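Please read the structure below before turning to the comments.
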Amino acid sequence: MSAQEANDVLERLNNLQRMEARAFGLRYGLQPVQMEALTYLTQCNRYSNTPQAVAEYLGLTKGTVSQSLKVLEQKGFLRKQADKQDKRIVRLAPTIKGSHLIKKALLTRSLEPALAMTDSMKIA
């Protein structure tokens, strides 16, 4: 397999996984950016769980992230708390519901469905 062919396969698999992730989030009424924010918050440390850190990680504006976090909170996937030492800082944490959703989403990100789609496209 040439480097170009390998690149094409990797790009196709990435697109298929992105489509699967988008479809998964939409089943729960969530946009991809909301799923990405929630995924980040399940993996970040206690110093990186602020709205500003989420915005920096995703490369988005604070306004866009604020709206996404608001939706996650309204749907019960996320909770906001004032920092115990500095009440001006808002800390974000996924709820149990949010953590379970991300675990489920990560399980569905298996390469098997994408590889099956790629194989079926070769036949067609």
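The selection criterion, being closer than 19 Å to Lys97 by Cα and either of a type in the set (A, V, I, L, M, F, W, C) or within 15 Å of the chain's Cα centre (by Cα) (or both), does not hold for Met1. The residues of the range 8-24 that are under 14 Å from Leu106 (Cα atoms) and surrounded by 12 or more Cβ atoms within 10 Å (Cβ to Cβ), listed by number, are Gln17, Arg18, Met19, Glu20, Ala21, Arg22, Phe24. Screening Lys87 against (1) more than 24 Å from Gln31 (Cα to Cα); (2) at pLDDT 95 or above; (3) basic (Lys, Arg) leaves a single unmet condition, (2). Taken over the range 25-59, the criterion of being at positive phi and either open to solvent by 90 Å² or more (accessible area, probe 1.4 Å) or without any contact (Cβ under 8 Å) to a residue 40 or more places away in the chain (or both) is satisfied by Gly59 alone.
Take the conditions surrounded by 12 or more Cβ atoms within 10 Å (Cβ to Cβ) and outside any loop (DSSP other than H, G, I, E, B) and apply them to Ser66. Does it pass? Yes: the conditions hold for Ser66. Of the residues that sit in the range 77-103 and are free of Cβ contacts under 8 Å to residues at least 24 places away in the same chain and surrounded by 12 or more Cβ atoms within 10 Å (Cβ to Cβ), which one is nearest to the chain's Cα centre (by Cα)? So the residue we want is His100.
The values are calculated or read from the model by the stated rules, or taken from the named source; none is laboratory data. In this text, all values refer to a predicted model and were calculated from it rather than measured experimentally. Cβ sites come from the backbone with ideal geometry, for glycine too, and all protein chains shown count toward neighbours. Side chains are part of the model used for accessible areas, which takes the heavy atoms of the whole protein and leaves out ligands, DNA and RNA. Shrake-Rupley method; radii C 1.70, N 1.55, O 1.52, S 1.80 Å.
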